[in-house]
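The values are calculated or read from the model by the stated rules, or taken from the named source; none is laboratory data. Owing to the predicted nature of the structure, the values given are computational and were not obtained by experimental measurement. Glycine also receives a Cβ, built like all others from the backbone with ideal geometry; neighbour counts cover every protein chain displayed. The area values use the complete protein model at the heavy-atom level, side chains included, leaving out ligands, DNA and RNA. Shrake-Rupley method; radii C 1.70, N 1.55, O 1.52, S 1.80 Å.
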Amino acid sequence: MKTVVIVGAGMGGLATAARLANAGYEVAVFEARPQVGGRIGELRRDGYRFDTGPTLLMMLEPLERLFADLNRRVEDYLDLALIDPSYRVYFGDGTVFDSTPNIARMTREIARKISPNEVPGYLRLMADLSAMYHAVVPAFVRRQYDSLADLFTPYQVGLLLRHRLLSNLWWRVGRYVRDPRLQMLFSFQTMYLGLSPKDALWVYGVLTYMESGEGVWYPRGGMHRLPEAVARIAREEGAQIYLNQRVQEVLIESGRAVGARLASGEVLKADYVVINADAPTAYRELLPPTPYATRNFRNSCSALMFYIGYTEPLPHQLHHNVYFSHDFEANLRELFQENRVPSDPSFYTCLSNRTDPADAPAGCENLYVLVPVPNLTGEDARAAAPRVLQTVIERVGLKRERMQFVEMLTPHEWQAMGLWQGAAFGIAHTFFQSTAFRPSVQTPFRNCYLVGASTQPGNGIPMTLISAELVAQRILGTWGRKA
Ligand SMILES: Cc1cc2nc3c(=O)[nH]c(=O)nc-3n(C[C@H](O)[C@H](O)[C@H](O)COP(=O)(O)OP(=O)(O)OC[C@H]3O[C@@H](n4cnc5c(N)ncnc54)[C@H](O)[C@@H]3O)c2cc1C
């Protein structure tokens with residue numbers, strides 16, 4: 001039986017473990033932290049429960065495919081709820097707008113709150129994004145790249161031209177909808193990747209489609225139920241998952257991975273090693289020197305997080321809420337060009353107790369706040385946190401005396417979790433760090449692979465699940481070539 005060591009029990013590591021164990025490999029996962037899930041973490045305090053990282057489950061297909069490939073039904077492990085409205089948007093001019101994947105209701109909301117003249121543009125935008133999404137995912141996302149030639153096949157070049165994939169997202173959305181509020185609404189999703197919509201390619205409109213077209217889902221009980229479910233399947237398939245076990249080094253002999261050394265000094269022999277640590281960190285700290293170890297990857301921005309136990313209802317908030325800066329373009333400039341904590345930041349709030357009442361004591365709210373801020377190459381978000389919190393308090397209308405506690409995560413904590421430069425969303429999705437240009441799941445060492453957000457195809461839960469598909473295909477030789 002072939003043996004596999006997996007470094008890290010994030011979503012990518014767990015999904016790879018489940019797939020390989022199902023294929024008959026002997027799999028052992030070593031996770032440095034006391035819980036599985038990596039960034040899909042969970043915090044419990046004083047009767048409150050918070051998801052600490054992701055809160056939006058979009059693009060269900062990779063999750064469904066994982067379960068189907070392993071002969072399981074999602075509903076036997078997870079209770080998924082469609083959150084509709086997806087979120088409430090607070091624009092800087094005072095407009096409050098409920099975004100929904102339901103086209104009829106969205107049409108009404110646009111006509112009522114923005115202008116009936118914008119409706120045809122919204123409908124054309126959704127149709128074009130849908131067509132692009134269904135073409136792009138199989139052609140560019142769920143795809144093995146060995147060289148640039150794999151990116152420029154005649155079919156792909158045809159798609160590139162037909163959908164004008166390399167045009168600018170912000171500009172192009174503005175051709176469909178004229179109102180700046182809708183331009184923001186249908187392009188800000190790139191910030192989920194730590195990318196400014198003004199710098200993003202049109203192809204990243206797939207994110208807008210995932211959200212505004214397919215909708216936002218939530219596993220009842222919290223996002224952390226997702227990695228727990230995948231860990232359960234991996235164990236059912238025979239994988240071993242060891243917590244509180246940091247891997248110090250991946251062992252390479254004659255250009256081939258042969259195992260790993262734990263921080264305790266224990267040496268583990270294996271036929272394959274899969275690394276779920278952030279790719280730049282893996283190349284810098286776990287593998288022998290290669291040009292990747294010194295490559296100056298461009299990183300995504302980071303996230304300043306507040307988890308607030310709030311002892312009074314906030315009836316105006318939905319499960320998900322987005323607060324746009326009064327000057328969104330200045331916000332983007334300060335964050336992405338000047339590398340500063342924005343003076344009037346946009347932010348996002350989540351109250352999972354809207355869907356899971358047990359997440360907060362009766363009459364209270366579990367208020368999660370995510371503020372995009374620079375990574376550790378920019379202004380120190382930890383120092384700016386009191387000012388940012390004050391902005392949140394004013395915009396949401398919070399009372400300090402009702403804040404039972406405020407827990408905080410800053411780029412420093414994301415870095416301590418192994419994310420290079422504290423970039424919460426991994427390496428940025430620039431053109432030269434996407435598709436074939438993004439670090440491959442295949443490292444320069446034989447039988448040694450990377451899985452997760454900073455590899456192909458990219459950041460976000462669905463992408464890390466696809467990344468696990470790509471790794472499993474390579475190890476199992478099911479994509480036309482033996483690893
Ligand atoms: C604040 C925030 C909000 C987000 N919101 C969303 C969202 O709403 N929707 C969405 O789809 N995505 C979201 N994301 C992105 C999503 O969380 C990630 O893309 C995804 O979880 C990354 O998974 P991964 O497989 O790369 O592993 P990670 O989650 O990065 O986990 C890697 C694991 O490896 C472990 N590890 C690292 N080094 C070692 C070592 N040497 N030895 C042992 N173990 C090690 C780490 O401890 C960690 O557990 C968000 C991310 C953040 C930070």
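In the chain, which whole DSSP H runs stretch at least 20 Å along their own axis (Cα) and average 0.5 or higher on the Kyte-Doolittle scale?
TM-like helix candidates: 119-136, 461-476.
Rounded to whole Å, give me the distance from the Cα center of region 1-23 to that of region 385-418.
If you average the Cα positions of each part, the centres end up 36 Å apart.
Could you do me a favour and compute the accessible area per residue for region 119-225, 1.4 Å probe, result in Å²?
That works out to 37 Å² per residue.
Contour minus end-to-end for residue 290 and residue 240, with contour as 0.36 nm per residue of separation and end-to-end as the Cα-Cα distance?
15.0 nm
For residue 1 and residue 412, what does the FRET efficiency come to when R0 = 41 Å and r is the distance between their Cβ atoms, rounded to the nearest 0.05?
On the way: r = 42 Å, r/R0 = 1.03.
Efficiency at R0 = 41 Å is approximately 0.45.
Using a cut-off of 14 Å between beta-carbons, work out the net charge of the residues near residue 454 (Lys and Arg +1, Asp and Glu -1, residue 454 not included).
Neighbour charge sum, excluding residue 454 itself: +3.
Accessible area per residue for region 252-305 in Å², computed with a 1.4 Å probe and the full protein assembly in place, what is it?
Accessible area per residue: 44 Å².
Within 14 Å, Cβ to Cβ, of residue 181, how many net charges do the neighbouring residues add up to if Lys/Arg are +1 and Asp/Glu are -1? Can you show the working numbers first?
Values: positive: 88, 112, 113, 178; negative: 93, 98, 109, 118, 179, 327, 329.
Its environment carries a net charge of -3.
Apply the a/c threshold of 1.5 to the C-alpha gyration tensor of region 360-432 and tell me whether it is rounded, prolate or oblate.
prolate
Could you order the peptides 115-128, 38-51 from most to least packed, using the average number of other C-beta atoms within 10 Å per residue?
Ranked from most to least packed, the peptides come out as 38-51, 115-128.
Kindly provide the helix-only [θ] at 222 nm of the chain, computed as the sum of -39,500 (n - 2.57) over DSSP H runs of four or more divided by all residues, to the nearest 500 deg cm²/dmol?
That comes out to -8000 deg cm²/dmol.
In nm, what is the difference between 0.36 nm times the number of residues separating residue 117 and residue 401 and their Cα-Cα distance? Don't skip to the answer; put the middle values down first.
Working: separation 284, 0.36 × 284 = 102.24 nm, distance 4.47 nm.
Extra length from residue 117 to residue 401 when fully extended: 97.8 nm.
What aspartates and glutamates sit close enough to residue 198 to cross-link, taking a C-alpha to C-alpha distance under 12 Å and skipping anything fewer than 8 places away on the same chain?
Once the sequence-local aspartates and glutamates are set aside, what remains near residue 198 is 329.
Using a 1.4 angstrom probe on heavy atoms only, work out the carbon and sulfur share of the accessible area of region 299-416 in %.
On the way: 2210 of 4310 Å².
About 51 percent, which is the carbon plus sulfur part of the accessible surface.
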